[in-house]
Structure formats: C-alpha cells, structure tokens
Amino acid sequence: MLANKSIVLGVTGGIAAFKVAELASQLTKAGALIDVVMTRGAMEFIAPLTFQALTHRPVVTEMFRLLTETEIGHISLASRADLIVVAPATANVIAKLACGLADDMLTTTILATRAPVLIAPAMEENMLTNTVTQANIASLRERGMVFVESQFGRLASGKIGKGRMAEVDDLMVAIRKIIAQKGDLAGMKVVITAGGTHEPIDPVRFIGNRSSGKMGFALAEAARDRGAEVTLILGPTYLQPPKGVKIVNVETALDMKRAVEGVVADAHVLIMAAAVADFRVEQPAEQKIKREKLDGMDLHLVKNPDILAQVSNPGLVKVGFAAESQDLVENARAKLEKKHLQLIVANNITSPESGFGVDTNKVTLVDAAGNVTELPLMSKREVAEQVLNKVGTLRSSS
Ligand SMILES: Cc1cc2nc3c(=O)[nH]c(=O)nc-3n(C[C@H](O)[C@H](O)[C@H](O)COP(=O)(O)O)c2cc1C
C-alpha cells in the first residue's frame, strides 16, 4: 500500500533524529518514494548522507540552491507529496508551523502543500508541557494536522518524563493509516475474529485448539491498510496482535458470540477466521479438579452456538473459513449455504504448508454465486488481500 507513495520526511533538530533513519529505511523497503528535507538543526544531529544512502534519493537541505530549486523545489515537493511527516518535530518547528512561517525548505513546503501532515513531537517534558507549545499543537490539530503523541520514558537529558518521540513502529502504523484513507475499504467497518477459543474444564484446565490467529491477523492488517475501521475479536494467543486495529479479547466461544453481537450491528463485513470450539464442557468445575481423588473422568460436552450462522444485519457481507481434511469444495459449499455466507475460504489442513501456525496458506474461495477459485500457495497476507478483493466485488454487486 505504500508502494510508489510520495512521502516528504521532514527531519528537525532533536536527538531523536537518529531514530528517523530507521523510519526512512522501513518506508523505502515498503516501496515509498521518500524525499527527506532536513533543517539546519537536524544536520547537527545526523548527516544528510545517511538519509541519501537509505532512501537512494537526494536529500534537501537548502532553500536557495539553484539546482535543487529547478529539480525538486518546494512547490513540486509540496504538490506531489501524498503525505508530509515531520519526525522528530522540535518545539521550534511546531511553533513556526503554528505561525505559518516559511523560513526554510521544510516549513515552506508544508505551507505550500494540500497533503496531510503528520507530526511526531520529541522534546524535553518542560518544553512539551509549556502552555505555548500546547497551544501551538492545539492550533495545528484544529487545522487538520495529525499528531503521533510523544511518549513517557527516558529523555535525552536523562530525566524520566513525557516527550520521547513515538516508536518507529507506531509511526509506520500512523503513516499507513493516513495513506489508507484513500484505500478501497475506506469508511468500511470490518469485524474479524481470530485465534482459537478456550473452553474451561476447571479454573486451570481448558479444551483448546491449534489456531494461532495468524490468518486473522493478516486479514486485520490488510483491511486496516486498505482504509477499513477494523475490530479484531481475538481468542487467546501468544502472538502479538497487529497495531492500529481495535482489539476485543475473548476466551470462550460464548464470549466470542457476545463480542461479535456487540459490534456487528453497523458492520459492513464480518470475517470469521477464528477456530471456535464446537463444544464446551457443560459444567466446568469451580475448584481445581484433584487428580488424587479420581481414577478417571468423563466430561459432558454441549454444543456451542454457530456464531456465523446466527449473527447478521441487512447488507452485511459474511465470510467464513472452512478447515477441511477431505472433500474440500463440497464441504465448504455446504457450510456456505447453511450459514448464509457470501464467501467461504476453504483450506486443506492436511497440507503442511497451509493451516494452523504457519505463515503460508493454500486456499480455495467459494462464493454464493457458485464461483470456485483455487489459489496457489501464498503468504497469509497475500491470501488476505485476495479475500478482501473478493469482498470488494461482492459488496459492489450486492
Ligand atoms: C543537544 C541538543 C538537543 C536538542 N534536542 C531537542 C529536542 O529533542 N527537541 C526540541 O524541540 N529541541 C531540541 N533542541 C533544540 C533545537 O535544536 C533548537 O530549538 C533548534 O533551533 C531547532 O531547529 P529546527 O526546528 O529548525 O530543527 C536540542 C538542542 C541541542 C543542542
């Protein structure tokens, strides 16, 4: 989604400038075209050559260089930018922007642009909390500039306080979110379930399954990066969930049902990628079951509700997953009909490259019109993109 996006990265004179080399590197790896514009202050902290080497593009440091001005002057930079990021943003540059000053290449470019502007302040706590800085930030926010909040932690002075620049990962999420506003799922509410469920036997034991949540995470990231407002309803997992989506943690199938019902009313798309337990223990023990007191144990299981079959709203596109070990398409089609789905993603869990815990998947898409699309082995992220492409066509044809 960042491929070929034009991003102006304004670097100003704070210690955190060195961290922004990593940001420039990650953006370049993601395919974005990065034009770094440095203030004089920034060049006291990090050399332009570092950014030039990382972005493979010239770095702009001067306002009045004839060559620079003809090739990539502030007007052309300002008009071709899809986004301008100022990181780190000093108290000084924030004040200048709030006043509309244009006394260097960066502030001039920002004044001349219609692109969104993302600002990552970094400074000592006293500078940040000073009423004049706070008023400047409020005034820029009011004019539509987006801030990535600085964080609490160890500051360059050695003091602990608020003012550290947000981490590069958080900046990447904020950047993707702004670029995604022009994505094909912009404005859509997408609910995704992921992971397995735990059905308690007693306070310490449960019945679970092998789902890692990876497929659901890939779907959540892909939908987020295409502009959707994503709610991820997540069963227990040891993996780190994606940033920039709303997470609702659940444990059991009944919890998951309640969570889905709580958000589905105004959703446009529901994708159930979670492996929800089919059965639960009818009466979990309230106290830990003692091994010494028993020779054996029978658990009576009762059926869990079929969440996907039971929830809906008019216009909702419902997408299910079918993990099958035989008769893939026939079983998937039967599930699609029974649960009134628009699309089902079927995978053969007997294949070692697909299914639980791995990063790849080989799936077949079956839709309500009877189309069957067998996809080759691909990463879960690529599968997610294919599923969302299909969701897009289903929505526009409904
Ligand atoms: C060692 C050192 C560290 C600095 N760190 C910061 C900082 O983190 N944040 C900030 O707002 N200013 C910081 N400053 C002050 C700015 O560099 C100064 O206000 C400068 O005028 C900013 O210019 P610029 O905004 O055009 O880059 C620091 C100054 C020095 C000498």
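The values are calculated or read from the model by the stated rules, or taken from the named source; none is laboratory data. Just so it is clear, the model here is predicted, and its values are computed rather than measured. Cβ sites come from the backbone with ideal geometry, for glycine too, and all protein chains shown count toward neighbours.
Being within 15 Å of the ligand (Cβ to nearest atom) and closer than 20 Å to residue 179 by Cα is a property that does not hold for residue 94. Pairing each residue of segment 290-310 that is in the same structural domain as residue 274 (by TED's automatic domain parsing) with any residue that is acidic (Asp, Glu), provided the two are 6+ apart or on different chains, yields C-beta distances under 7 Å for 300/282; 301/282; 302/282; 303/278; 304/278.
Scanning segment 1-25 for residues that are among the hydroxyl-bearing types (Ser, Thr, Tyr), out of contact with any Pro (no Cβ under 8 Å at 6 or more places or on another chain) and not in a helix (DSSP H, G or I) gives a single hit, 6. Among residues of segment 131-179 being without any contact (Cβ under 8 Å) to a residue 12 or more places away in the chain and more than 16 Å from the ligand (Cβ to nearest atom), the one that is nearest to residue 86 (Cα to Cα) is 141. Filtered by the rule that a residue be more than 11 Å from residue 46 (Cβ to Cβ) and crowded, with 17+ Cβ neighbours inside 10 Å, segment 13-25 gives 23, 25. Filter segment 73-91 for residues that are more than 16 Å from the ligand (Cβ to nearest atom) and among the polar types (S, T, N, Q); which is surrounded by the most Cβ atoms within 10 Å (Cβ to Cβ)? Looking at residues that are more than 16 Å from the ligand (Cβ to nearest atom) and among the polar types (S, T, N, Q), I get 76.
Of all residues in segment 109-116, one or more are hydrophobic (A, V, I, L, M, F, W, C), away from the ligand (no atom under 16 Å from the Cβ) and surrounded by fewer than 18 Cβ atoms within 10 Å (Cβ to Cβ). Filtered by the rule that a residue be within 21 Å of residue 108 (Cα to Cα), within 13 Å of the ligand (Cβ to nearest atom) and surrounded by fewer than 19 Cβ atoms within 10 Å (Cβ to Cβ), segment 26-55 gives 40, 41, 43, 44. Being in the same structural domain as residue 172 (by TED's automatic domain parsing) and part of a strand (DSSP E or B) is a condition met by no residue of segment 95-114. In summary, residue 190 fulfils each of the numbered conditions (1) part of a strand (DSSP E or B); (2) farther than 30 Å from residue 216 by Cβ with the single exception of condition (2). Within segment 200-217, residues that are farther than 23 Å from residue 323 by Cα sit with their Cβ atoms under 6 Å from residues that are among the basic types (Lys, Arg) and not in a helix (DSSP H, G or I), at 6+ positions apart or across chains, in these pairs: 202/288; 203/288; 204/288. For segment 359-371, state whether one or more residues are closer than 25 Å to residue 256 by Cβ and exposed (fewer than 14 other Cβ atoms within 10 Å of the Cβ). Among the residues of segment 359-371, at least one is closer than 25 Å to residue 256 by Cβ and exposed (fewer than 14 other Cβ atoms within 10 Å of the Cβ), which makes the answer yes. For segment 97-106, a tally of residues being more than 31 Å from the chain's Cα centre (by Cα), surrounded by 16 or more Cβ atoms within 10 Å (Cβ to Cβ) and within 12 Å of the ligand (Cβ to nearest atom) returns 2.
Condition check ((1) under 22 Å from residue 382 (Cα atoms); (2) at pLDDT below 95; (3) touching a Pro at 6+ places or on another chain (Cβ under 8 Å)) across all residues:
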{"position": "197", "(1), (2), (3)": "no, no, yes"}
{"position": "219", "(1), (2), (3)": "yes, no, no"}
{"position": "261", "(1), (2), (3)": "no, no, no"}
{"position": "264", "(1), (2), (3)": "no, no, no"}
{"position": "277", "(1), (2), (3)": "no, no, no"}
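Of the residues examined, residue 74 is one that is modelled with pLDDT under 95 and farther than 12 Å from residue 9 by Cα. Looking only at residues in segment 211-254 that are in a loop (DSSP other than H, G, I, E, B) and touching a Lys or Arg at 6+ places or on another chain (Cβ under 6 Å), the one that is surrounded by the most Cβ atoms within 10 Å (Cβ to Cβ) is 245.
Is it true that residue 122 is of a type in the set (A, V, I, L, M, F, W, C), at pLDDT 95 or above and within 16 Å of the ligand (Cβ to nearest atom)? The answer is yes for residue 122.
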